[in-house]
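Shown next, in structure tokens, is the structure this report addresses.
Each value in this text was obtained by applying a stated rule to the coordinates, not by laboratory testing. Just so it is clear, the model here is predicted, and its values are computed rather than measured. Don't worry about glycine lacking a Cβ; one is built from the backbone with ideal geometry, like all the others, and counts go over all protein chains shown.
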Amino acid sequence: MAFSPYDLTGRTAFVTGAAGGIGRATAVLLARAGATVHCADRDETGLSGTLTLIGEQGGTAHAHTVDVTDRATLRAAVESAGPLQVMAAIAGIMHTSTVLETTDEDLDRVFAVNFKGVLYASQEAARSMITHGVRRGSIVTMASGAVDAASQGLLCYSVSKAAVVQLTRTLATEVGPHGIRVNAVAPGWVRTPMTQRHGADRQEHVEAAMARMSPLGRVGEPEDIAHTVLHLASDASSFTTGQILRPNGGVAMPW
């Protein structure tokens, strides 16, 4: 077999939000790359579908029914997976409200999943990697293109994702001496069940508008983002940490 820096054979990966969308695409791709993938989500039906897809392609996967806002349950799932080499903290939710309409309940619900859920997953993965002496560990968090531009009506979502960016940078500086890399992915508009629910009443209009903003003339697919996660999870990015990768079709081009 030819050498590939993307080969994850013999490694164990843990993916949150694996029941659908970007999480499912990531779990399937990591398994195709050779990893044993532990798939976590609170949607048991969706998890079952992800495991079926992985099994049909000859991969190995395990399901964990987990609410990422429950630290104890997430910790138990990570511990049961054994020594981790890869954590992809992808679970997230979207909420629409203007700044003036945003309530405490909105903030608490979105931050519990989008920030605390990523924090808990990153903490537990880092502890597992350090405890087991893993020297090629990779933690990948999920930010958003919303961190690069004002996103009207998405206060809770965009601010929670901005918090993920700073978490990523801070954790990278703290666990780097252990050989662990931490990076974030900030996708542009991706066609997923979550974005379809968000723009359900005007989906075609939203996607068309987003496609026009991209030099490539299209919106993203979950597989586009999964390939970026695979890059960060693999040895192909062995000198990359504390970075924000932006598979966004060129919609935003920050320095």
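The table below lists the values:
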| read-out | value |
| --- | --- |
| Among [x] 1.05; [y] 0.95; [z] 1.01, the entry derived from the coordinates for Cα Rg over 2.2 N^0.38 Å | [y] |
| For Q243, residues with placed amide H under 5 Å, excluding near neighbours | A184 |
| Positive-pole candidate from G117, V159, Q57, dipole of the stretch 12-245, charges at beta carbon | Q57 |
| Under the Karplus curve 6.51 cos²θ - 1.76 cosθ + 1.60, θ = phi - 60°, whole-Hz ³J(HN,Hα) for the stretch 113-129, x wherever Gly or Pro sits | 8, 6, 10, 4, x, 6, 4, 4, 4, 5, 4, 5, 5, 4, 4, 4, 5 |
| Selection from V251, G10, T141 lying farthest towards where the dipole of the chain points positive, charges on Cβ | G10 |
| Amide H contacts of F14 (H built 1.01 Å from N, under 5 Å, at least 5 apart or other chain) | H38, V86, M87, A88 |
| Backbone HN-Hα couplings from phi across the stretch 8-18 [Karplus 6.51/-1.76/1.60, Hz, Gly and Pro as x] | 10, 4, x, 9, 10, 10, 10, 10, 8, x, 7 |
| Whole-Hz ³J(HN,Hα) from phi, Karplus 6.51 cos²θ - 1.76 cosθ + 1.60, for the stretch 28-37, glycine and proline x | 5, 5, 4, 5, 4, 7, x, 6, 7, 10 |
| Average Cα contact separation per residue, the chain, under 8 Å, 6 or more apart, as relative contact order % | 20 percent |
| In the stretch 1-59, the chymotrypsin sites (Phe, Trp or Tyr not before Pro) that fall in loop regions by DSSP, at most 15 other Cβ within 10 Å | F3 |
| Ranked packing of 98-104, 152-158, most packed first, by mean Cβ within 10 Å | 152-158, 98-104 |
| Electrostatic dipole magnitude of the stretch 51-132 [Cβ: Lys, Arg +1; Asp, Glu -1; Cα centre; debye, to 20] | 380 debye |
| Other-chain or far-sequence residues with amide H under 5 Å of G220's (modelled H) | W189, V190, R191 |
| Charged-residue dipole, Cβ positions (Lys, Arg, Asp, Glu), the stretch 12-245 about Cα centre, Debye nearest 20 | 620 debye |
